[in-house]
Structure formats: C-alpha cells, structure tokens
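Student: The structure under discussion is supplied below as structure tokens; questions concerning it will follow.
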Amino acid sequence: MNRRSFLGQLSAGGSAFALAPQLIAAESRFPLALSQYSLRSMFKDGSLDALDFPTFTADTFGIKAIDLWEGGLPKDKLDDMSYFDQLRARADEAGVHIFLHMAGAYDCDPAKSGKSFEGILASLKRGAHLECDFVRVFLKAPGTDEAAGVTACAEALKPLVEAAAEHKITVAIEPGASQLTKQGSFLVKVFEAVESDALTLMPDFGKLENNVYAGTEAMLPHSRAISCKMHSFDESGNQPDFDYPRLVKMISDSDYSGYLAIEWEGKKLEPVPGVKASRAIIERSLRSV
C-alpha cells in the first residue's frame, strides 16, 4: 500500500462510513496515527526494533498510520537508503502508512540558518524517500521581536519549502524551539508570509505554551496534521494538562480533516498502556462531539 492508495482508501472511507456509528464516522475524518516517540524507551532498551515498529503498531494498537522519529532509528542507518527501503517494505506488509518523518529544530537566525538548513534537508530527503506526506520541523526564531522573527523564519523557510515541493513532500511546522514559535498566532503569521502549498502547520498541544486553546484554534485553518500530546492521566483517565473534550470539539467544529497523532510523553505509565490510555481519551472525546 503506497501513499496514494492509502489516502484514496481514507477518502473512500468517508462516504462508506456515512451511516456508521458516530465514533467510526469521526475516525474516518480524523484517522488515528502513532508517533514513534511514544515508544522511545522500548527503542532505547532494545525491546523493540525500529524495523518492527509498523507491525507492532498495527498488531498492538490497531493503528495503521505512524510517524518516524530520527532518535528512534539507528544512527548508523540514517544515510542508508536501503535501510529505509526495508522500513517502508515492512510498513507496506503491515498495511501501515508512514505519514510523517520527524526532523529537528530549524534555526532561523540568518547567521545560522544555512548550516541548519543542511541538516533539515537531509531529513526531508529521508521522508521523501519513504513517500511520507510530511516532514516535521520546529522553528527557532531569533530574539523576541515578533515582526523581525516572522521575517527571519519566512526567509529561512523559503529554500526548505522549495526543496520540499521538488521532492513532493510538505513541511509541517510544529510549535516549539523558541519563545516566539511556541505561539500559534506567530506561526500563522510565518505561514502566511511564506505562501506555499508545500507548507502546513501542525498543532502540538504540549508545545503551545500558555495558549493551547487559542493557539490550536489559530493554527487549525492552516493545518493538515495534529500532534495529540499526552503527559499523564488522573484516576478518571483524563489528561490533566489539557481539556481534551474541549480540544477535540474545537477540531471537530473546524474544517480540519486529517490525522490525530498520538504522542505519549509521560513516564508514570509504560509505553503500551500509555498509548492505549491516550487512544481511549481521544475516542471518548470524539464520542462526545
């Protein structure tokens, strides 16, 4: 199953589930995905090999879309395209779509952006080789002046977005890496300054500092994927850092249609129960909209 056929099935699924129960209908509009980072301790201790991640995700969680985290891949394989061919083949066998490849921070300081660009470009090429929809980056804006920060980020992004268009992949900007870029409204201004179909925004509830609701709402019209960050759960199974029903209703009331990617970042639960609890709260929230 390649990217085009996978997305075609999602599109077809939208009409097929029109008369199905509410949750199934919601999940056809908002298919769940799993971030590799959620299982980071398993990759670190060797209990899960990156090549087995697609099959493990499908068999353990019933989730058929994943993103890749470069920190969870063997360092000596990052420039080995034959390794990425194996990974993609394993995903195809499991019926799992690798929808996104995670890159790191992009330093938009004019004095540093050139070197930073080279590192992000390498990640972009890996994602393109895997036929991912997106390569995800964090922007590091210089200083604290908003207008100057928007200009610096837009100028730094333009060559990356041009390269993305050439490789038929989209750059997804998540919040984080600097004070300015933790603000959803700031990222919207950067997005509008670049003006490219090869650029999108990606809300991350855990990185929208002090403005998770306003920041998410601002980013949604320009977003094609969402990172559903989870840190912990209370005795009722709720995530105390964010009001998930409120966030999911906001998403449902918008025009957004795309992945809800689970990113379990907590420590009190082991990875597998953490992901399962994360899925449960998302599904419970979807049933309430």
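The values are calculated or read from the model by the stated rules, or taken from the named source; none is laboratory data. Just so it is clear, the structure is predicted and the values come from calculations on it, not from any experiment. Virtual Cβ from ideal backbone geometry, glycine too; neighbours counted across all protein chains shown. To get the accessible areas, we keep the full protein, side chains included, count just its heavy atoms, and leave off ligands, DNA and RNA. Shrake-Rupley method; radii C 1.70, N 1.55, O 1.52, S 1.80 Å.
Student: Take Cys132 and decide whether it is crowded, with 17+ Cβ neighbours inside 10 Å, in contact (Cβ under 8 Å) with a residue 40 or more places away in the chain and within 19 Å of Thr181 (Cβ to Cβ).
Tutor: Criteria not met by Cys132.
Student: Going through Leu87, Leu157, Leu139, Leu124 one at a time, which residue ends up being part of a strand (DSSP E or B) and farther than 17 Å from Ala261 by Cβ?
Tutor: Leu139 is the lone residue from the list that is part of a strand (DSSP E or B) and farther than 17 Å from Ala261 by Cβ.
Student: Look through region 259-280, keep the residues that are among the acidic types (Asp, Glu) and under 18 Å from the mean Cα position of the chain (by Cα), and return whichever of them is farthest from Phe134 (Cα to Cα).
Tutor: Ranking the qualifying residues of region 259-280, first place goes to Glu265.
Student: So is Ile262 closer than 22 Å to Ser41 by Cα and touching a Leu at 6+ places or on another chain (Cβ under 8 Å) or not? Talk me through it step by step, then tell me what you get.
Tutor: Numbers: closer than 22 Å to Ser41 by Cα: yes; touching a Leu at 6+ places or on another chain (Cβ under 8 Å): yes.
For Ile262, the condition - closer than 22 Å to Ser41 by Cα and touching a Leu at 6+ places or on another chain (Cβ under 8 Å) - is met.
Student: Could you list, in sequence order, the residues of region 95-108 that are open to solvent by 20 Å² or more (accessible area, probe 1.4 Å) and aliphatic (A, V, I, L, M)?
Tutor: Selection gives Ala105 alone.
Student: Against the condition outside any strand (DSSP E or B), buried (at least 21 other Cβ atoms within 10 Å of the Cβ) and among the small types (Gly, Ala, Ser), how does Gly114 come out, does it pass?
Tutor: So Gly114 does not fit the description; no.
Student: Let me ask you something else. Can you name the residue in region 142-154 that is free of Cβ contacts under 8 Å to residues at least 12 places away in the same chain and in a helix (DSSP H, G or I) and is also least open to solvent (accessible area, probe 1.4 Å) among such residues?
Tutor: Once the filter is applied, the top-ranked residue is Ala148.
Student: Which condition does Ile24 not pass, out of (1) farther than 21 Å from Leu201 by Cα; (2) in a helix (DSSP H, G or I); (3) modelled with pLDDT of 95 or more; (4) out of contact with any strand residue (DSSP E or B) (no Cβ under 6 Å at 6 or more places or on another chain), if it passes all the others?
Tutor: (3) is the only condition that Ile24 fails.
Student: Can you pull out the residues in region 41-58 that are open to solvent by 10 Å² or more (accessible area, probe 1.4 Å) and either farther than 17 Å from Lys77 by Cα or among the charged types (D, E, K, R) (or both)?
Tutor: The answer is Ser41, Met42, Lys44, Asp45, Ser47, Asp49, Asp52, Thr55, Phe56, Ala58.
Student: Out of all the residues in region 115-131, is one or more within 23 Å of Asp204 (Cα to Cα) and in contact with a Ser or Thr (Cβ under 9 Å, 6 or more places away or on another chain)?
Tutor: No, the conditions are met nowhere in region 115-131.
Student: For region 166-188, does any single residue satisfy the condition of being touching a His at 6+ places or on another chain (Cβ under 6 Å), in contact (Cβ under 8 Å) with a residue 24 or more places away in the chain and part of a helix (DSSP H, G or I)?
Tutor: Taking every residue of region 166-188 in turn, none turns out to be touching a His at 6+ places or on another chain (Cβ under 6 Å), in contact (Cβ under 8 Å) with a residue 24 or more places away in the chain and part of a helix (DSSP H, G or I).
Student: Here is a check on your reading of the model: is Gly71 under 25 Å from Leu187 (Cβ atoms) and part of a helix (DSSP H, G or I)?
Tutor: Spelling it out, Gly71 is indeed under 25 Å from Leu187 (Cβ atoms) and part of a helix (DSSP H, G or I).
To keep it simple, each residue is scored yes or no on (1) open to solvent by 30 Å² or more (accessible area, probe 1.4 Å); (2) among the hydroxyl-bearing types (Ser, Thr, Tyr).
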site	(1), (2)
Pro110	yes, no
Ser123	no, yes
Leu160	no, no
Pro175	no, no
Phe186	no, no
Val190	no, no
